[in-house]
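Novice: Sending over a structure as structure tokens; questions will come in a sec.
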Amino acid sequence: MNDIALRVEGLAKGFTLHLQGGASFPVLRDEALEVRAGECVALAGPSGAGKSTLMRCLYGNYGSDDGRIRLRHRGALLDLAAADPRLVREVRRETLGYVSQFLRVIPRVSAREVVAEPLAERGTPRAEALARAEALLTRLNLPRRLHDLPPATFSGGEQQRLNLARGFAPGYPLLLLDEPTASLDAANREVVVALIAEAKQAGAAIIGIFHDIEVRDRVADRLHEVRPLPDAA
Amino acid sequence: MILRAGNLSLAFGAVRALDGVSLDLWPGEVLAVVGESGSGKSTLLRVLAGQMRPDAGRVLYADATGAEREIGALTEAELRRLWRSEWGFVQQNPRDGLRMGVSAGGNVGERLMAAGCRHYGTIREEAAEWMRRVELDPARMDDSPRTFSGGMQQRLQIARTLVTRPRLVFMDEPTGGLDVSVQAKLLDLIRGLVADLGLAVVLVTHDIAAARLLAHRIVVMRHGRVVEQGLTDRVLDDPRHEYTQLLVASVLAA
């Protein structure tokens, strides 16, 4: 099927903490997930089940121990779990976006430039990238006076909106959203719901963790249960 | 591939400073080599840059014409030519990278002259432009770098290094001796310049935060060996090796 955007097979991930006497614990085992273009899948499951770990594996931020993460990139399915760093960077530049709950602030880089950066890396002319950044920040109700400031001093909600703008600006075909509305007020939550709907309309596949059940039920086409593994100990 | 090292080994007496180190660098890629003092990271940088010969293994550099050159087999003159035209080196201590008896503008301009530029007005204009790019006041062009602060000297060294548009830059703890507030500004400046110029960089640092900010990829060294390597955020957020876990856990979260 050529509308498959992501197909995860047999994914396993655990951690070995060498500084804690080498304690090992598995988090994900034999995880399988399939997401099509234009579809939004919400990860469900209790806190600590491994939803965020799965997201981080899907982004290549955590290395997978086993299994495959096949995603559509440049028209073909490639296995991100086996990709070298250069290929992962290419996939992140062109195909795969990730909106985390936290903003890693770069000193002295303005909010507008933080949002425009991924667009510019994809070859969008600078002026156009900045204009698109401006438009998205405005849509997310970030006061204009903040656009030229580095986001170090922004509030949690302001940083989250910046992250959202950065994640939605390039129009990635595959987008990961980790609690995208956690620190937002009702008005901005509506903006996020609309952005997700528009991205789906444009053919993006979206995987999200949504603690806000109302938002989740409005944007998600289905749920994918992540079950906690039985304690190894 | 712009630089490829295979199986480098180098011992100082009983100490194995490099023990079977291999790595690749691609054009436009920033590679951070991290580890503690004595891990072999500075020795690795010297060997990659042709300043030290390994006991075994070799370093290949793909030059601007695409020809592959073995660094250890180059003559002194060939190596000097590379330093003039294609390579740059940023020292930890700016006084090692600058000529302290020459004016600030002269420090930048003489690299251009060495690269073949002869027109005085052009050289002076270009030197002024590069002082601006590293946020130094061009009005201080004729001042001695001795009258500059450590952070300013480091920025001047960066201007001196980059003015000739090298393809490959080696950096040895470029923020090492500076105050924390000055470090952030310098890192940000380096980050912008490296991206704008599309430089390939080998950055040696013990500063994990600097590596995270600048590098696409990280190599972790200990006792002369590479213990872990990979995409920067993967290595730092999901460290596998005991030593990498220790390095990452030792950083105060900011």
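The values are calculated or read from the model by the stated rules, or taken from the named source; none is laboratory data. This structure is a prediction, so every number in the text was calculated from the model and none was measured. Counting neighbours? That spans all protein chains shown, and the Cβs are built from the backbone with ideal geometry, glycine included. Note: accessible area is taken over every heavy atom of the protein model, side chains too, but ligands, DNA and RNA are not part of it. Shrake-Rupley method; radii C 1.70, N 1.55, O 1.52, S 1.80 Å.
Novice: The conditions are (1) free of Cβ contacts under 8 Å to residues at least 40 places away in the same chain; (2) within 14 Å of chain A (Cβ to nearest Cβ), and B:Ala73 fails exactly one of them. Which is it?
Specialist: Answer for B:Ala73: the failing condition is (2).
Novice: Could you list all residues from region A:21-52 that are more than 23 Å from A:Pro173 (Cβ to Cβ) and not aliphatic (A, V, I, L, M)?
Specialist: A:Gly21, A:Gly22, A:Ser24, A:Phe25, A:Pro26, A:Arg29, A:Asp30, A:Gly45, A:Pro46, A:Ser47, A:Gly48, A:Gly50
Novice: Looking only at residues in region B:209-224 that are touching a residue at least 60 places away in the same chain (Cβ under 8 Å) and of a type in the set (Lys, Arg), which one is farthest from the other protein chains (Cβ to nearest Cβ)?
Specialist: B:Arg222
Novice: Also: Those residues that are open to solvent by 10 Å² or more (accessible area, probe 1.4 Å) and either touching a helix residue (DSSP H, G or I) at 6+ places or on another chain (Cβ under 6 Å) or in a helix (DSSP H, G or I) (or both), I need them from region A:124-135; list them, please.
Specialist: Initial filter on region A:124-135 (open to solvent by 10 Å² or more (accessible area, probe 1.4 Å)): A:124-128, A:130-132, A:134-135.
Selection gives A:Arg126, A:Ala127, A:Glu128, A:Leu130, A:Ala131, A:Arg132, A:Glu134, A:Ala135.
Novice: Being among the charged types (D, E, K, R) and farther than 21 Å from B:Gln153 by Cβ is true for just one of B:Arg140, B:Arg53. Which residue is that?
Specialist: B:Arg53
Novice: Turning to a different aspect of this structure: So B:Gly177 clears everything in (1) in a helix (DSSP H, G or I); (2) surrounded by fewer than 20 Cβ atoms within 10 Å (Cβ to Cβ); (3) more than 11 Å from chain A (Cβ to nearest Cβ) except one condition, right? Which one?
Specialist: (1)
Novice: Out of everything in region A:74-91 that is more than 13 Å from chain B (Cβ to nearest Cβ) and in contact with a helix residue (DSSP H, G or I) (Cβ under 8 Å, 6 or more places away or on another chain), what residue ends up being least open to solvent (accessible area, probe 1.4 Å)?
Specialist: Checked region A:74-91; the qualifying residue least open to solvent (accessible area, probe 1.4 Å) is A:Leu78.
Novice: In addition: Going through region B:127-154 one residue at a time, which ones are closer than 16 Å to B:Asp196 by Cβ and either open to solvent by 30 Å² or more (accessible area, probe 1.4 Å) or in the same structural domain as B:Leu44 (by TED's automatic domain parsing) (or both)?
Specialist: Correct list: B:Glu129, B:Arg132, B:Arg133, B:Glu135.
Novice: Additional query: Among the strands (runs of 3 or more DSSP E) confined wholly to region A:36-111, which include 1 or more residues that are over 16 Å from the mean Cα position of the chain (by Cα)?
Specialist: A:66-73, A:76-79
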